[in-house]
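The values are calculated or read from the model by the stated rules, or taken from the named source; none is laboratory data. What you are looking at is a predicted structure, and each value in this text was computed from that prediction instead of being measured. No Cβ is skipped: glycine too gets one built from the backbone with ideal geometry, and neighbour counts run over all protein chains shown.
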Amino acid sequence: MEKKNLIMMVSITSAMKAREVLQKNGIRSEIVRTPKRLAKAGCGYSLFVPNNFSKAVAVIRNSGIKTVGIAGGEDGL
């Protein structure tokens, strides 16, 4: 089964920075390979966020870390 709740990143470095920012905000995430059907741009890595997806997206956007896009979300993002 393919994971949902993905925040697709522009680089592995961005993914690592975003994971650290989320951790500091109490949000668990995991760096995973972006599924091939979604990997149209960027580095091919995403953050999988099992819970608090909307909050995670907002935290990353507010931190200034660039993303390629998002896929999934418990609230239809």
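Observations, loosely collected:
- Of everything listed in (1) in a helix (DSSP H, G or I); (2) of a type outside the set (Val, Ile, Thr); (3) touching a residue at least 40 places away in the same chain (Cβ under 8 Å), the single unmet condition for Ala15 is (3).
- Residue identified as touching a residue at least 24 places away in the same chain (Cβ under 8 Å) and of a type in the set (Gly, Ala, Ser) among Ala58, Ala39: Ala39
- Taken over the stretch 15-35, the residue count meeting the criterion of being small (Gly, Ala, Ser) and either surrounded by fewer than 18 Cβ atoms within 10 Å (Cβ to Cβ) or at pLDDT below 95 (or both) is 1.
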